[in-house]
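Everything below concerns the one structure shown next.
The values are calculated or read from the model by the stated rules, or taken from the named source; none is laboratory data. Since this is a predicted model, take the numbers as computed values, not measurements. Backbone-built Cβ (ideal geometry, glycine too); neighbour counts: all protein chains shown. Just the protein is used for accessible areas: all its heavy atoms, side chains included, with ligands, DNA and RNA removed. Shrake-Rupley method; radii C 1.70, N 1.55, O 1.52, S 1.80 Å.
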Amino acid sequence: MNLFCKWQNNMSFIGGNSQFKVAMDAKKPIGTESAMTPKELVVNGLLGCTAMDVIGLMRKHKQSVDEFEVLADVKTSTGGHPAVFSSIDLLFRLKGNIDAKILLESVMLSQTKYCGVSAMISKAVPINYSVELN
């Protein structure tokens, strides 16, 4: 995997690979909040990884998914630097003609077996999850 990160101005950066680019910025007053922060991108990587696992398993099991989102509630440490994640709560929210047992198994498999981002992050911070169906 080869990636880059190039400074634009102030605290604005462009990161990417040979095909895709993503903007990054810092929160005010250091930055201008013109893009997600690097920590937000880490969490979005987690969300994307686990969401892709779950939707792939839903398709494999021929489940009819009408709507799907994964939300994250991230708590950070206080009282020191660097501020790091202290807990991550994921909410998998789906609508459709879905077997609850298959859904729960798919989410569990993503979190315990398939999602490499979850595997890496969970070594440093607890990841909890819940599921809402319809």
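Among the numbered conditions (1) modelled with pLDDT under 95; (2) closer than 24 Å to A23 by Cα, tell me where G45 comes up short.
The single condition G45 does not satisfy is (1).
Among the numbered criteria (1) at negative phi; (2) touching a Gly at 6+ places or on another chain (Cβ under 8 Å); (3) not hydrophobic (A, V, I, L, M, F, W, C), which single criterion is violated by E105?
E105 satisfies every listed condition except (2).
Could we say that L46 is surrounded by 14 or more Cβ atoms within 10 Å (Cβ to Cβ), part of a strand (DSSP E or B) and touching a helix residue (DSSP H, G or I) at 6+ places or on another chain (Cβ under 9 Å) here? Spell out the reasoning first.
Working: surrounded by 14 or more Cβ atoms within 10 Å (Cβ to Cβ): yes; part of a strand (DSSP E or B): no; touching a helix residue (DSSP H, G or I) at 6+ places or on another chain (Cβ under 9 Å): yes.
Criteria not met by L46.
Please identify the pairs in which a residue from the stretch 61-74 that is under 10 Å from I88 (Cα atoms) and open to solvent by 60 Å² or more (accessible area, probe 1.4 Å) has its Cβ atom under 8 Å from the Cβ atom of a residue that is among the acidic types (D, E) and not in a loop (DSSP other than H, G, I, E, B), counting only partners at least 6 apart or on another chain.
Hits for this filter: D73/D89.
When the stretch 105-130 is examined, which residues are found to be surrounded by 17 or more Cβ atoms within 10 Å (Cβ to Cβ), among the hydrophobic types (A, V, I, L, M, F, W, C) and within 11 Å of F92 (Cβ to Cβ)? Before the answer, list the steps.
Applying the first criterion (surrounded by 17 or more Cβ atoms within 10 Å (Cβ to Cβ)) to the stretch 105-130 yields 106-107, 110-111, 114-115, 117-118, 121, 127, 129.
Narrowing the set further to residues that are among the hydrophobic types (A, V, I, L, M, F, W, C) leaves 107, 115, 117, 121, 127.
Result: V107, single match.
Residue pairs, Cβ under 6 Å, 6 or more apart or interchain, first in the stretch 32-44 and farther than 20 Å from E69 by Cβ, second open to solvent by 80 Å² or more (accessible area, probe 1.4 Å). List them.
The qualifying pairs are E33/K27.
Using the structure shown, decide if F85 is surrounded by 13 or more Cβ atoms within 10 Å (Cβ to Cβ), aromatic (F, W, Y) and over 21 Å from V117 (Cα atoms). Talk me through it step by step, then tell me what you get.
Values: surrounded by 13 or more Cβ atoms within 10 Å (Cβ to Cβ): yes; aromatic (F, W, Y): yes; over 21 Å from V117 (Cα atoms): no.
Considered against the rule, which asks whether it is surrounded by 13 or more Cβ atoms within 10 Å (Cβ to Cβ), aromatic (F, W, Y) and over 21 Å from V117 (Cα atoms), F85 comes out as no.
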